[in-house]
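Readers should treat all values here as calculations from the given coordinates under stated rules, not as data from a laboratory. Remember, predicted model here, so these are calculated numbers, not experimental data. All Cβ positions, glycine included, derive from the backbone under ideal geometry; neighbour counts span all protein chains shown.
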């Protein structure tokens, strides 16, 4: 994987395959405290404590058509490479699963966040009914986005209409660039 | 500058257009989104598809996603279902995805060079 946003997309797909209808992606960037963290929380069927060590094994998969499941092991490797912390546990929101990856912000081997906008757009394009929330904090500023709020505003126009998603891509890119610009002026 | 107010304008425009082109989604484009697909660039392919569908003004195309279909070496994969005929394109990139929209979806020409006979045969076998 070239960027962390690809890992986020991959983990989010695990959520969708686990029957999630709600998905929350949280990103926290705190360069001053050498912290970079993302969380993917869902309301899918959840995970049992017995399953957790299994999904870290690349030769474990729940799917019948293939014999490997490398998504989670690849992410753990990306975390381990820079001495970060990787957790999978029942979601704090009650039902579902939480995947949390924490990295030292300034580590040379920390993969960049990359195209997070592309990840969000791709999720919405293929999962028109997914209740997606995005929360991005950098230092003391944050940007929030919710697919539900946009759906309400669009009324009878579907959120996954290509014109709407191309607009959303520019909008998100701009908001995330603003977040980075604002917070880099703080110090 | 993009703002939420712009979205209202876009919505009004699309609502007017919709009255003219009230059409069902009769073409389906499926992108494989397993770990293999994502690592090979499926996310970029989806974005290129959306942009080209917008450019071409195609409103009858549904983009769907599926997990790994077992052809990891041929990712990104794109399956077009049109008039109940399925075509699987292999090793797609952003430029190829745009070309598939222009040639296959707009002009109705299948780009045979980008399909893989083995993949096609397997898919048909699976459906039986």
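Just a few scattered comments:
- Any chance residue A:18 is within 22 Å of residue A:123 (Cα to Cα), in contact with a helix residue (DSSP H, G or I) (Cβ under 7 Å, 6 or more places away or on another chain) and in contact (Cβ under 8 Å) with a residue 60 or more places away in the chain: no
- Counted as qualifying within the range A:80-187 are the helices (runs of 4 or more DSSP H) with 1 or more residues that are within 11 Å of chain B (Cβ to nearest Cβ), within 21 Å of residue A:3 (Cβ to Cβ) and within 16 Å of the chain's Cα centre (by Cα), namely A:116-126, A:162-184.
- Residue list for the range B:32-52, restricted to those being buried (at least 24 other Cβ atoms within 10 Å of the Cβ) and within 7 Å of another protein chain (Cβ to nearest Cβ): B:33, B:35, B:38, B:43, B:46, B:50
- Qualifying residue in the range A:138-149 (condition: within 24 Å of residue A:81 (Cα to Cα), in contact with a strand residue (DSSP E or B) (Cβ under 7 Å, 6 or more places away or on another chain) and surrounded by 15 or more Cβ atoms within 10 Å (Cβ to Cβ)): yes
- Looking across the range A:1-50, the residues that are in a helix (DSSP H, G or I), more than 14 Å from chain B (Cβ to nearest Cβ) and out of contact with any strand residue (DSSP E or B) (no Cβ under 9 Å at 6 or more places or on another chain) come down to A:32, A:33.
- Listed here are the strands (runs of 3 or more DSSP E) enclosed by the range B:34-104 that have at least 1 residues being within 11 Å of the chain's Cα centre (by Cα) and within 18 Å of residue A:127 (Cβ to Cβ): B:61-66, B:78-82.
- Qualifying residue in the range A:58-78 (condition: in a loop (DSSP other than H, G, I, E, B), more than 16 Å from the chain's Cα centre (by Cα) and closer than 17 Å to residue A:2 by Cβ): yes
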